[in-house]
Each structure stands twice: as structure tokens, then as C-alpha cells.
Amino acid sequence: MFVELVQQMLNGLAIGSVYTLIALGLTVVFGILGIAHFAHGSVAMSGGYLTFLFTERLGLSFFPAMALAMLAGAILGLLIERLAYRPVRDAPHINAFIIALGLTMMIEGINLIAFGADQVVIQTPYRGVFNVGGVVVAELRLQVILTTGVLIGVIAYLISRTKTGKSIRAVAQNRPAAVLMGVNVNQVSAVVFSVSSALGVAAGALVGALLAIAPGVGEGLAVKGFAVLILGGLGSIPGAIVGGLVLGISESLAAGFISSAYKDVIAFLVMIFVLLFRPEGLLGKR
Amino acid sequence: MTTRSFRLLGIGVLIVAALCLPLLVTVPYFLQLTILALIWIVLAQGQNLIQGITGYVSIAQAGFMGVGAYCSTLLSVKLGWSVWLTLGVAPIFTALFAVLVGYPSLRVKGHYFAIVTLAYNMVIYIVLLTFTALTGGEAGIGGVPRPADIAFGGIVLSFGGRTGYYYLVLAAAAFATLLCALILRSRVGRILVAIRQNETLAEAMGVSAWRYKLFAFVVSASLAGLAGALYAHFIGFLNPDPFGVDQSLNAILAVILGGSGTLTGPIVGAFAVVFLPEYLRVAETYRLVMYGLVLVVATIFMPRGLVPLTSQAGQRLRALIGNQR
């Protein structure tokens, strides 16, 4: 029983770190630009497919392929920001959200045309399995958790230590004031979108290695990402981390002990339950 | 001619045209699409109430449609209830369901409300798909009955064929539109618009916003439930496919394309989302991309929708003609 519990929590930690990565990209865009970038999950899936393509066709190993896909993702993020979101920057937020829904359809459609409807699993060399006191630890899961940790570290450094990070924070706090102080808002939103999309692509590649990618998975990921945001608190980076792990672990425990068919239902119930008692999220401020 | 009498004339022509339509249309396929579009009006009016008038984008409309569809179908198929009764019960059941789920979701605003309702839609879809003992899962439920004939004096109204069902859904669409018109013109409607424009201000004026938001949410859900029930009894076969998130997005698209916050917008939008994909069928592979592109471009260039755009153009034209005189 105890071993099973630890096992499920460990599995939850791996999938939870993917959710964290997705939520991190979403939370940066939302916290700074106030856009609920729903197409993020589909961007992540494009990245997963690209990573798959790079490993299969170019023969790259997993991490270089992922890095290359992240670069492509950053460019895609730039394009999305410039062509779709910037024209509605001063319109009501609802418009940006509807644009996000349209983008989701477009990117899902493009994924379908470009990569087909078949399920794809990215092969990695990390097939090792350790057995620690009855708990099975897969090397791949450890790699996923580690990668997430590194990426979170990079983002934290970027935002808290660099000059660009400072202007990003300034825009998040008070946009008009930041503009008056000479911060280039266009540049900030471009940077934010490219970083966020690169993070999403990383998450998509990890999902592709850990589970599988197929049409429709992206929308599910975006919803999970937002669930994490709501769980953790809006626009909060520590909230995204805590929320991601809580969602991943509760989902995994639900799959292990209740029913795997209903694991998503239970994950969403956790979110709704948290909303009932803490509408501002676990780490959000009132 | 004054604007008012002009409008009344327009409505009159529309009603006569709607009543005569099955006599004029001889292509069954076209009538089939029209019936679907009328069912979509019921759905879109509900979506407009919460999205266009109250300003809260709900992405659960297809889920609620599913709740209504399965409620009505299960009661009529498994328990043998009269379809007329289940068509009445389905919206009420959906409304009760919406009260339960609306309360927690209305504690958050804006995008977060949208995401929570999206989660509802996913939960409903998964349950419909997985709870096979009740719903039959992907294989679905066949033989969903049409409503029984009504003998009215010497006249028998039959709903088994397309023509009879057309009048039924026409009545439902008119009912939904009238209901929304009544709400919009009432005190409640004005409060809903106030919430959309500035919720904080409305609350400061002493409006208990959550009650009105819940009201709008529940009414929109029950209209979706009605649409679902009408859909199930029309198609005659039910599985979870039509109740996924993409269908909820279509409902949003209908409202945006038509003109959110207007009463005629959802009607135009409903016809657009039913007929447009049929004409885009030529480009089947690119349909999703085109659809998304339409949504993005429409939001950027005509954020208020087709109806306000055309009425604006009409006004300009009239002003132009007036000047020349």
C-alpha cells in the first residue's frame, strides 16, 4: 500500500512537472500581458511533433532535437504575438481570448495536415529503470523532472536577474508607468511570447517522450495548464509550480486508486473544490 | 417610412417566410440543415445571454446540450416517458445541474470563468463517454423517438417527418429569441448589461452581481439543454461526439460572427455555423484552419459581428441618400 502510494506520487511528480512547464508559459503571458493564451497547448503539440521529426529524420538525439524545436517554437510565438494578439491589444480581453480559440483551431488544423492523425511517441535513449525498495523509478521520468527544474531555474534567472527581466516585471506591475519610463512594451511582449512558446514546446516534447502526442492532446494540455494556474494563483510562478505538482499527483493518485478512466474528472474536481474555498488559488493573493 | 414600421415589416416578412419555407423547399438536405440551424438558434441565444449580454464567456454550452440530450433520451428510451414530457424535463434538469456547477465557477471572473466552464465541458464529455452503463459510450443509443402526433380537433399534427419537426424547432427558436428579448428588455437584462460594462461599479450600486450572473448562466444552460433534447429526438441517434469542446467553441463563434449582445446576431450566427462548414466541405482538410482563420480575422476586423456591421452600413447608406435629397 505504502509502496504503491509512493509509486503513484512519483509518477504524478513527472506528469506534474510537465503541467508546471505548460502553466509557467501560460502564467508569464497572463501575468504580464493579461492574455489567456489558450492556443499554448496546441503550440506545445506542434513542438512535440517537431521534436519527433528532428529525432526521426535528422537523427538528432532527444535534447538537441528539443532545443531546436524550442527555437522554432520561439519564432512561432513571435509570429502569433505580432499577427494575432497585437492588433487586439487595446480591445476588451474577451477578444484576445476568442482570438486564442481561433488560433487553437488553426494550429490544431495545421498539426493535423502536417503531421497526420496518428499517435506519435518520441523515442529516447533513457530507458533505464531503477528499483528502490519496491518503487520503480524510470530514468525517463527523472529526466523529465530534471529538465523541468533546469528550465524553471533559467526562467527565474531571466526574470529576476536580467535587464530584460526587469522591464518584463515593470510591464507586469504597471504598464502605463513602464511605458512612461521608456520600456519598450512591444519588445517585452515579443520576448514574453517567444519565451513562453519555447517553454510550451519543451513541455510538448516531454509529453511526447513520456506519454504520446495525438490530435486533441494540446487542448487538453492547455486546459490542464489553466487548471494549474487557477489552482496555484493567477500570474504567480511559485503558484504554477505548486499547482502543477498538486494536479499531477492528485491525477496520478486518482488513476492508481480510484479509476484511470476518470482521472481527468478527478483532477478537475480538485480544481473546482479549491475554487470553492480559495477562489484566489493556493498561493494567490487576495 | 419610419425605422420602427420598417423593422416591423421586416419581422413580418421573416415570419411569413419562415412559416412557408417547408412548402417552398423541396430539397430534403436543405430542410435538414435549416432544422439544425434552428436548433442552433436556441443554443446560440443561450450563449449570447451569458457571453454577449453578461460578458462571461462560457465554454460549457455543448456540455449542457449533452446533459439535456441524454436526459431527454434516457427518460424516453429507458423509462418510456412521452417525448413531450421529456422535452420539458430536459431543460429543467439542465438548469438544476447548472445551478450546482454555476455557483463555484462564478466565483472567478473573466478568462478564469471561461477555463472553469471549459473544464466542465471536458468532465461532462468524459463522463458521457466512459459511463457506458447509462450512456452506451461511443456506441451510443439508437432509436431515439420523435414526439408523438397531436390530434387537435380533427387536425392531426405529425412530428415524425421533417416538415412537422421543422415547425417544432421553429417554435423553439422563436421561444428562445423571445425569452432573451424579454430578459434583455427587463430590469434584469439592464443589470446584466451593467455587469458586462463594469461589474465593480454595478456592485457598488448595490447590485448583488452573482445572483444575476447565476441567473444568466442557468437560463443559458437550460436553453442549451433544450437544444440538446431537440437535437437528439431529431437525429434519432445519440452518442457523445456532438458534445465536445469544439462544439462549444462553435457556439461562441456563432455569437461572435452574428454580433454578440444583439438579438438577431445569434440567429445569423447559427445559420452561419451550420451552413458555412457545409460549403467549406470542398476544402475538408483545411476546414479547421479556415474556421480558425475566420474567427481570428473576424475578431480583429469586425469585433462586433455581422449584424451591427450591416446595420451600421445601412444607416450610413440612408444618411447618404438623405443628404442627396
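Each value in this text was obtained by applying a stated rule to the coordinates, not by laboratory testing. Only a predicted model underlies this, so the values are computations on that prediction, with no experimental measurement involved. Cβ atoms come from the backbone with ideal geometry, glycine included; neighbour counts cover every protein chain shown.
Values for this structure:
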| quantity | calculated |
| --- | --- |
| Cβ-based charge dipole, chain A, positive-most Cα from A:Ala209, A:Phe268, A:Leu33 | A:Leu33 |
| For chain B, the spread of Cα positions along each principal axis, largest first, Å | 66, 50, 48 |
| Crossing angle, helix A:237-257 versus chain A [Cα axis fit, 0-90 degrees, rounded to tens] | 30 degrees |
| Where a label projected 7 Å from the Cα of B:Trp81 along Cα→Cβ would reach, residues of region B:28-49 with amide N under 19 Å | none |
| Peptide B:239-246, shielding by other chains (average Cβ, 10 Å cutoff) | 2 |
| Spherically averaged projected area of region A:65-185 from its Cα convex hull (nm²) | 11.7 nm² |
| √(5λ) per eigenvalue of the Cα gyration tensor, region B:193-246, largest first, Å | 35, 11, 7 |
| Largest-first principal axis extents, alpha carbons of region A:2-277, Å | 60, 49, 34 |
| Cα centroid separation - region A:136-205 against region B:26-89, whole Å | 43 Å |
| Percent of Cα pairs exceeding the 46 Å cut-off, where the set is the protein assembly as shown | 18 percent |
| Candidates per trypsin sites (Lys or Arg not before Pro) in region A:126-222, loop by DSSP, up to 16 other Cβ within 10 Å | A:Arg127 |
| Residue-averaged 222 nm ellipticity for chain A, from DSSP H runs of 4+ at -39500 (n - 2.57), nearest 500 | -25000 deg cm²/dmol |
| For chain B, built as a Gaussian network whose Cα springs stay under 10 Å, the top-fluctuating residue of B:Thr117, B:Thr264, B:Thr299 | B:Thr299 |
